[in-house]
Structures are given as structure tokens and as C-alpha cells.
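One structure is given here, and the rest of the page talks about it.
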Amino acid sequence: MERIIGIDLGTTNSCVAVVEAGSPQVIPNKGGYKTTPSAVAITDSGRRLVGQMAKRQAITNAEHTVYAAKRLIGRKWDSSEVRHCIETCPYEIIQGPHDDARIKLRGKEYSLPEISSIILQEMKIVAEDFLGEEPEKAVVTVPAYFNDNQRKATKDAGRIAGLDIIRIINEPTAAALAYGFGKDLDATVAIYDLGGGTFDISILDIHEGVFDVLSTAGDTFLGGEDFDARIIEHLAFEFAREHRVDLRNDQMALQRLRDAAEKAKIELSSMDETEISLPFIHSMDNGEALHLQTTLSREKFEELVIDLVQRTIKICQATLQESGLEVEDIDDVILVGGMTRMPRIQQDVADYFGKPPSKQVHPDEAVALGAAVQGDALVEGRGDVLLLDVTPHSLGLMVHGGGFEVLIEANSTIPTSHSHIFTTVRDGQTSVKIVVLQGESERAEQNELLGEFVLSGLRHAPAGEVEIEVTFEISADGIVSVHATDMETGKKQSITVTATSGLTEDEIEAMISENEDYLVELKRSEELESQRDRIRKSIREVEKLLANGGADTDLVAKLKDRAADVVAGARNCLDSGDADSLASAGEDLEKLLQSVRAAVQSI
Ligand code: AMP
């Protein structure tokens, strides 16, 4: 039976779920945890570490450990978000070939989809261990406010990981699916989703199994990371005032500060005050060690971040207005994302909506569960969940003079399409350049450039005579595509939207094969390591049996001579990377071991 997994690819943590026997459930990882840190590291030997393993070594390998990569995916190199990350991240962010950002780890450049693919692959393995077979298809969630470039980049990540992302759905919508699963609801709900890196708010109407998104809004650069950053700034500022040392210049100290800030933030969700203790955080030129020892109160923390909380409430106001509803029309408010455990957020959301938020969904698990529900509904033959989502951004074109003409308004239900007729403006004009943008500004250059293309080969004719119909489509994934038809001949023009960021098809193919090679090599080295382990174990057993073998009979003496040779040979092989010689050393040892066991038993 085909099973489609649901993956919440989060900024801080990721989670995978599947529908089993009709009910969605989260799949724990090998460590028994239901979420896996979205961290990737490359060790000095070139090995990839993912999840908890990567997070654990972040302090000592800060420059080669990537966290919060989702904040960079699908972004332009010259964007303010990339600039912000360059200033604050310990890993090196460099300019990619398509105006994109890339990350350099141990001398090798990684695109953002590649980094995300490593996390997706880990989640795929978590699911595979549970299902007993390799999952091929997945529904993956993204922040509702992700634009086309960010969505495409996420889909590319799936391809590199060998996972067919059959549908991308918005995180708050997924949470609503989890909330409404198995209930016969007739309600209007608001989903407030504040995670590690992004904020989304969606208003949905749930009625007779139809999940109809009325409006959505958000900020793809507002989340737990920003709350942590305020604590880091505060601690670094206080430390600099006392010791005249800026801890942020030292990557290891900064990583320790980062961990301590997040821990303090989490503790302040349940306590009024927390201790922050970072001994030996800096050593002076004269050898004197400096320690960071302080307390942070919930009140002070709230003061440091209150503008961030208020920003989320302003976005709630805007999206409610967009949906044409009043706060009284909202039946239930659902909180999703780890940051919503912060009491001040719960309070401010309750104050704004005039009711306490529902506790019915798990803030860390709801999104993956909803993705699994959608995946299950997409399996052929089933389909009792109908999802009507919206596009978060307006789609349009650059027009003469640098203006922006909207073709599909923000909050239009998807999938949707819009056609536009282009005519030539000059006599004899044989080509038209079309610039596709997404955003809300009236000025083209302030919106996100999705791509540009040239319609060429037009008939030589007076201005205005040649007509080309161009159709812009937004799929159920929120992804844009474009087709053109020559109105005169009915001939379809195929249009390739030049990738303005992200990856070309050739690059994706190369990354897929590089990833496959890496996995083959990884499997080979894991097999060699387990062969080595077996040899070491056999050597220990032979030596132990012969040492404790009791009487020194002739047989035992002979075996000791033979053992010395076989063990020496096996030890020589241990350093080799050659599977065949390890296998033959293993066989020799096994034969020896059988003889030794028999000899010792016969005494
Ligand atoms: P998510 O992306 O939903 O996994 O949310 C992760 C964010 O939630 C991170 O910034 C965490 O530090 C934050 N977080 C997790 N637990 C808590 C808590 N108890 N109080 C405040 N923030 C938390």
C-alpha cells in the first residue's frame, strides 16, 4: 500500500508523520525524539552530520555547522535577509552563480536546497526505519508567506534527497488539517504560527470537511531566532560594558551564547527568572579567565522582545481585515510553533482575539500531522479532505515606466490562472520581454523577481497588430508557471522562465548524482566499519579464550602459534580500506575461533 509521508521542514526542528490505520501519527527518530534539529554539519573528515549529532558539536565546529538554513532558502544574494545572516551566522555565506546565497563548508560550496535536502533525507530515513520500506513520496510544508522562489527551492531540495514532493502545503493550513481531523467542524479559525524563523497567520473556514483559507499573511524573517538574538545582544552588551570585550567576535563564545540564550528563553516560559552561567567564556591576553554569570528575568526578556510580539499582532490585524471578518467571527485561535509557548505571546494573542487560544493541537507536531493527513488524502481513491488554500502574494508584471500590474491578487484561491494579451508597441517589433514579479509594491523593482522571458519570433507587422496570449498559473503548491499562445496561428510558445535564483536543471541533476555517490560511499564505509568491528571482537574473543584456556596442552600451544599469525594478519588489515582483505581476514579469524572454542571445550 502506498504511503505518503508528511514532513514539517522547520527552521529549528523538523518532524515527520504518516497516517497509520486511519490516524495520523508522528514518527520518532532513533533517539526516540519526535522532532529532529534542522542542523547540518560537515566534519573535518568530510562526513555529514545531521540533527542532534550536528547540534551537539556546534560549539567546537561552529563554522561548519549550519542551522536555520531555511531563513536563506530561495533568497536573493543582495537581500537584506541574506545580509543579516552574513553578519550573524558563524558559517560562511557566499554569492552563488544565480544571484543566490550559498554556504561554504570545509572548502566546498553548498546551495541552500542541498542543505535542506540533507535534512529531508534524514527525515526520510526516520520514516523508512518505521515503515520498513523507503518512502518515495511526501507532502512537505512551507511557511504560508513563502514566495515562488522559496517554494521552488524547497521542491528542488526534495528532488536532491530522492524524495518526490507531491504537494507543498502551507504550515498553518497543515496545522488546521490536524486540528480538524476526525471532527465534524463548522468553524472559523485563526492559526497563529510562530516557529524558529518565520511567522504566519491564516484565517480558515472549516465546513463539512472543506478547509477554506480566507486569508493569510506573515513574515518569513520573524521567529525564535530573533528572540534569541535579542538575548545574545543583551548579554554581549552587558559583558562588554563590564569587561570591554565583545564576545561576538569569537565564534566559539558566540555559539555558547546562542545556546545559552535559547535555553534561557525556554526556561522563562515556565519561570520568572533564570540563571545564565558561561564559565571561561573568554581568556584575556594575560591568561586571566573571564566568566559570564548573570540572571535574566521574564520581565526584562519581554522588554527586549516586545516589538517582535507586537509585529505579529499587527500582521494578525491586517490579515483579519483582508478576510473581511471581525475578531468576534473567529471561533477558535490555534497556536502552532515552539515560540507560542512563551506566556507573553499567549497573553497578547488572547487579548487581541478576545479569547484564550485552543490547547487542542501540539505546537511542535500539528504541522507534520496535517501534512500526513493531506498526503493520505492524495493517495488515489481517497480524498475526503478538500483543501482550498490561497496565494500569499500578488502575481504580476512589470509595465512601462517600472510600474507593477497585478494579474492575480494576493489571497486568491489556488490553483488559479490568469491570461493576459500582449501586443507589440512598435512597428516591426518581433519580440516582447516579460518580467514576472511577486509582491505588493506598486513599484516593480520592490517586488520579488520570479523570472523574465522573451517572446520572440513574432510576425513582422505594424504596432498593435500581433497578439500573444500569456497565461500565468499558480499550482496547488503555490508555484508559478507561464505559457503563451500566438493568437493568430494558435501556436503555443513554450516559455522558460530564467531562474533568477536557485538552481538550473543541470545543477540539480549534478547534485542528485553527487548525493547518490555520497550515500554509496557512506554505505561502503559503514560496511567496512562493521567488518572492522567484527574483526576486533573476534580478536578479543580468541585472546581471551587462549589466555583463560586452562591447561597448556599441545593443541592449545599449537593454536597459540596459529593465533599469533592470524591475529597479526587481521590487525594489519584493520587499517586497510579494502573490503576483500577485511573479509578474508574475518574468515580466517572465524575458522581460528571455531578451532579455539573446540579445543578449549575439550580440555
Ligand atoms: P519550531 O520551528 O516550531 O520548532 O519552533 C522552534 C522555536 O521555538 C525555537 O526558537 C525554540 O527556541 C522555541 N521554543 C521551543 N520551546 C519553547 C518554549 N518552551 N518557550 C519559548 N520558546 C520555545
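Couple of notes before you dig in:
- For the stretch 216-230, the set of residues classified as away from the ligand (no atom under 12 Å from the Cβ) and either crowded, with 21+ Cβ neighbours inside 10 Å or closer than 15 Å to ASP331 by Cα (or both) consists of THR216, ALA217, GLY218, THR220, listed by residue number.
- Which numbered condition PHE404 fails, given (1) farther than 30 Å from THR319 by Cβ; (2) of a type in the set (A, V, I, L, M, F, W, C); (3) free of Cβ contacts under 8 Å to residues at least 60 places away in the same chain: (1)
- When residues in the stretch 128-146 are screened for being within 26 Å of ALA476 (Cβ to Cβ) and surrounded by fewer than 23 Cβ atoms within 10 Å (Cβ to Cβ), 4 of them pass.
- ASP285, sole failed condition from (1) outside the structural domain of VAL349 (by TED's automatic domain parsing); (2) within 13 Å of the ligand (Cβ to nearest atom); (3) in a loop (DSSP other than H, G, I, E, B): (2)
- When THR274 is tested against (1) β-branched (Val, Ile, Thr); (2) outside the structural domain of SER14 (by TED's automatic domain parsing); (3) surrounded by fewer than 19 Cβ atoms within 10 Å (Cβ to Cβ), exactly one condition is not met: (3).
- Residues that are under 30 Å from LEU522 (Cβ atoms) and assigned to a helix (DSSP H, G or I) within the stretch 577-592 comprise ALA579, ASP580, SER581, LEU582, ALA583, SER584, ALA585, GLY586, GLU587, ASP588, LEU589, GLU590, listed in sequence order.
- Some residue of the stretch 523-533 being within 29 Å of ALA153 (Cβ to Cβ), exposed (fewer than 11 other Cβ atoms within 10 Å of the Cβ) and at pLDDT 85 or above: yes
- For the stretch 318-334, the set of residues classified as more than 28 Å from the chain's Cα centre (by Cα), surrounded by fewer than 22 Cβ atoms within 10 Å (Cβ to Cβ) and either among the charged types (D, E, K, R) or assigned to a helix (DSSP H, G or I) (or both) consists of GLN321, GLU322, GLU326, VAL327, GLU328, ASP329, ASP331, ASP332, listed by residue number.
- Subset tally (residues that are farther than 14 Å from ALA599 by Cβ and out of contact with any helix residue (DSSP H, G or I) (no Cβ under 8 Å at 6 or more places or on another chain)) for the stretch 551-571: 3
- Exactly one residue out of ALA463, ALA372, ALA410 is of a type in the set (A, V, I, L, M) and touching a Gly at 6+ places or on another chain (Cβ under 7 Å), and it is ALA372.
- Taken residue by residue, the stretch 231-253 has no member that is surrounded by 17 or more Cβ atoms within 10 Å (Cβ to Cβ), in the same structural domain as GLY337 (by TED's automatic domain parsing) and more than 16 Å from the ligand (Cβ to nearest atom).
- Scanning the stretch 7-34 for residues that are surrounded by fewer than 21 Cβ atoms within 10 Å (Cβ to Cβ), hydroxyl-bearing (Ser, Thr, Tyr) and within 16 Å of the ligand (Cβ to nearest atom) yields a single hit, TYR33.
- Summed over the stretch 217-272, the residues that are hydroxyl-bearing (Ser, Thr, Tyr) and either assigned to a helix (DSSP H, G or I) or touching a Ser or Thr at 6+ places or on another chain (Cβ under 6 Å) (or both) give a count of 1.
- Within the stretch 528-576, being under 56 Å from the mean Cα position of the chain (by Cα), part of a helix (DSSP H, G or I) and among the small types (Gly, Ala, Ser) holds for SER530, SER538, ALA547, ALA563, ALA564, ALA568, GLY569, ALA570.
- Close pairs from the stretch 347-365: first farther than 18 Å from GLN310 by Cα, partner surrounded by fewer than 19 Cβ atoms within 10 Å (Cβ to Cβ) and among the small types (Gly, Ala, Ser), Cβ under 8 Å, at least 6 apart: none
- Identity of the residue in the stretch 206-250, more than 24 Å from the chain's Cα centre (by Cα) and among the basic types (Lys, Arg), that ends up farthest from GLU171 (Cα to Cα): ARG244
- For the stretch 166-176, the criterion of being of a type in the set (Gly, Ala, Ser), outside any helix (DSSP H, G or I), closer than 18 Å to ASP219 by Cβ and within 16 Å of the ligand (Cβ to nearest atom) is met by none of the residues.
- When ALA368, ALA410 are checked against the criterion of being surrounded by 14 or more Cβ atoms within 10 Å (Cβ to Cβ), among the aliphatic types (A, V, I, L, M) and within 14 Å of the ligand (Cβ to nearest atom), a single residue qualifies: ALA368.
- Residue that is nearest to the ligand (Cβ to nearest atom) [pool: residues in the stretch 192-215 that are assigned to a strand (DSSP E or B) and acidic (Asp, Glu)]: ASP193
- Which numbered condition TYR352 fails, given (1) assigned to a loop (DSSP other than H, G, I, E, B); (2) over 22 Å from the mean Cα position of the chain (by Cα): (1)
- Residues of the stretch 190-210 that turn out to be surrounded by fewer than 24 Cβ atoms within 10 Å (Cβ to Cβ) and either on the phi < 0 side of the Ramachandran plot or not small (Gly, Ala, Ser) (or both), as a count: 5
- Here LEU257 does not fit the description of being of a type outside the set (S, T, N, Q), under 24 Å from THR65 (Cβ atoms) and away from the ligand (no atom under 16 Å from the Cβ).
- Taken over the stretch 335-349, the criterion of being within 7 Å of the ligand (Cβ to nearest atom) and part of a helix (DSSP H, G or I) is satisfied by GLY338, MET339, ARG341.
- Residues in the stretch 277-302 that are aliphatic (A, V, I, L, M) and surrounded by fewer than 17 Cβ atoms within 10 Å (Cβ to Cβ): MET284, ALA289.
- Contact annotation: residue pairs with Cβ atoms under 6 Å, 6 or more positions apart or on different chains, pairing a residue in the stretch 187-209 that is more than 19 Å from LYS355 (Cα to Cα) and in the same structural domain as ALA68 (by TED's automatic domain parsing) with a partner that is within 16 Å of the ligand (Cβ to nearest atom) and of a type in the set (Val, Ile, Thr), are GLY195/THR11; GLY196/THR11; GLY196/THR12; GLY197/THR11; THR198/THR220; PHE199/THR312.
- Filter result for GLY478 (surrounded by 15 or more Cβ atoms within 10 Å (Cβ to Cβ), touching a residue at least 60 places away in the same chain (Cβ under 8 Å) and under 26 Å from ARG151 (Cα atoms)): yes
The values are calculated or read from the model by the stated rules, or taken from the named source; none is laboratory data. Computed from a predicted model, the values in this text were never measured in an experiment. Positions of Cβ are generated from backbone atoms using ideal geometry, with glycine treated the same way; all protein chains shown enter the neighbour counts.
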